[in-house]
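Worksheet for the structure shown next.
The values are calculated or read from the model by the stated rules, or taken from the named source; none is laboratory data. Please read all numbers here as calculations on a predicted model, not as lab measurements. Note that each Cβ is placed from the backbone with ideal geometry, even for glycine, and that neighbours are counted across all protein chains shown.
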Amino acid sequence: MCGRFTFTSDPILLRQLFFGCKIPTNISPRYNITPTQDVAVIANTQNDGESDGNAKKVEFFHWGLIPSWAKDAKIGSRMINARSETLTEKPSFRSAYKRRRCLILADGYYEWQKVLGTKLKQPVYIRLKSQNPFAFAGLWEEWQANWMEKPLRSCTIITCPPNPFLEEIHHRMPVILPQDRYAQWLAPDEQSSETLQPLLAPYSGEEMEAYPVSRLVNRPINDSPECIAPVSDGNGSSEQKLVGSLF
């Protein structure tokens, strides 16, 4: 699962890593992005008749996919993630998997790990060792009610089984696409699951790092650099109480 993430990267670095993409002027650092908020994406929107045909621009979509046939937008709150193994089976994701794929931009995400001997869960921040931004594999849709002037674009993050580095934290992880797979994922033509499924593999744990952070992140209202600051009680015992030996 991926239920919280960050996006704080410098626009210059984003352009370098994402095809020289166009960056909105109103983009700002986010340290605690939560479901139903708007998230930064690069989508293959030319597949739906966009006049400029430009997929290489950062846009903002609602996080929580709302299928075009949905009667109520509230369904999106239950569609923040999509399991890679069942994309071709689920009506909510099947069409988007073939035709409407996107990169959801991030530079880290959170999971909650059980603390031994308690009912508590310790928030853990996960990122690349390089600290560079990366892209979750995502799907997107358009939904429009009768009263709306224009469609609402929404998205979901695809998840897969964890790599060995992360399996002691959580039984799922978001699909992080390698940079050399971005273009294939965004290809505007309809693609088969046989072509796409190999892309939805766990990212290499050797390139990732994780550490405990403050429970400030538990509250969506908290959105500051303190959310990703490492925490310890001074002698390391907080880390030792976590399930497994990751830390």
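Any residue at all in region 176-186 that's assigned to a strand (DSSP E or B), free of Cβ contacts under 8 Å to residues at least 60 places away in the same chain, surrounded by 21 or more Cβ atoms within 10 Å (Cβ to Cβ) and of a type in the set (Val, Ile, Thr)? There is at least one residue in region 176-186 that is assigned to a strand (DSSP E or B), free of Cβ contacts under 8 Å to residues at least 60 places away in the same chain, surrounded by 21 or more Cβ atoms within 10 Å (Cβ to Cβ) and of a type in the set (Val, Ile, Thr). Screening ALA43 on (1) modelled with pLDDT of 90 or more; (2) of a type in the set (A, V, I, L, M); (3) over 25 Å from VAL124 (Cβ atoms); (4) over 17 Å from the mean Cα position of the chain (by Cα) shows it passes everything except condition (4).
Scoring PRO202 on the criteria (1) part of a loop (DSSP other than H, G, I, E, B); (2) of a type outside the set (Ser, Thr, Tyr); (3) modelled with pLDDT under 95 leaves a single failure, condition (3).
For region 207-247, which residues satisfy the criterion of being polar (S, T, N, Q), farther than 21 Å from ASN163 by Cα and either at pLDDT 50 or above or part of a loop (DSSP other than H, G, I, E, B) (or both)? The answer is SER214, ASN218, ASN222, SER224, SER232, ASN235. Residues in region 60-74 that are surrounded by fewer than 18 Cβ atoms within 10 Å (Cβ to Cβ) and at pLDDT 95 or above: PHE60 only. Checking each residue in region 188-210 for being exposed (fewer than 13 other Cβ atoms within 10 Å of the Cβ) and not small (Gly, Ala, Ser) picks out ASP189, GLU190, GLU194, THR195, PRO198, GLU206. Among residues of region 202-223 that are under 19 Å from GLN131 (Cα atoms), those with a beta-carbon under 6 Å from a residue that is among the basic types (Lys, Arg) and surrounded by fewer than 18 Cβ atoms within 10 Å (Cβ to Cβ) at least six positions away or on a different chain give the pairs GLU207/LYS129; GLU209/LYS129. Residues in region 68-97 that are closer than 13 Å to ALA137 by Cα and charged (D, E, K, R): ARG83 alone. Within region 5-46, the set of residues being β-branched (Val, Ile, Thr), in a loop (DSSP other than H, G, I, E, B) and closer than 21 Å to GLU141 by Cα comprises THR34, THR36. No other residue among ALA137, ALA96, ALA82, ALA70 is part of a loop (DSSP other than H, G, I, E, B) and more than 22 Å from PRO230 (Cα to Cα) apart from ALA70.
When you check ASN146 against the structure, is it touching a Gly at 6+ places or on another chain (Cβ under 7 Å), in a loop (DSSP other than H, G, I, E, B) and polar (S, T, N, Q), yes or no? So ASN146 fails the test. Screening LYS129, LYS114, LYS121 for residues that are farther than 30 Å from THR88 by Cβ and free of Cβ contacts under 8 Å to residues at least 40 places away in the same chain leaves exactly one candidate, LYS121. Going by the structure shown, is ARG30 basic (Lys, Arg) and at pLDDT 95 or above? Yes, satisfied. Evaluating THR34 against the criteria (1) crowded, with 20+ Cβ neighbours inside 10 Å; (2) within 18 Å of ILE158 (Cα to Cα) leaves one unmet condition, (1).
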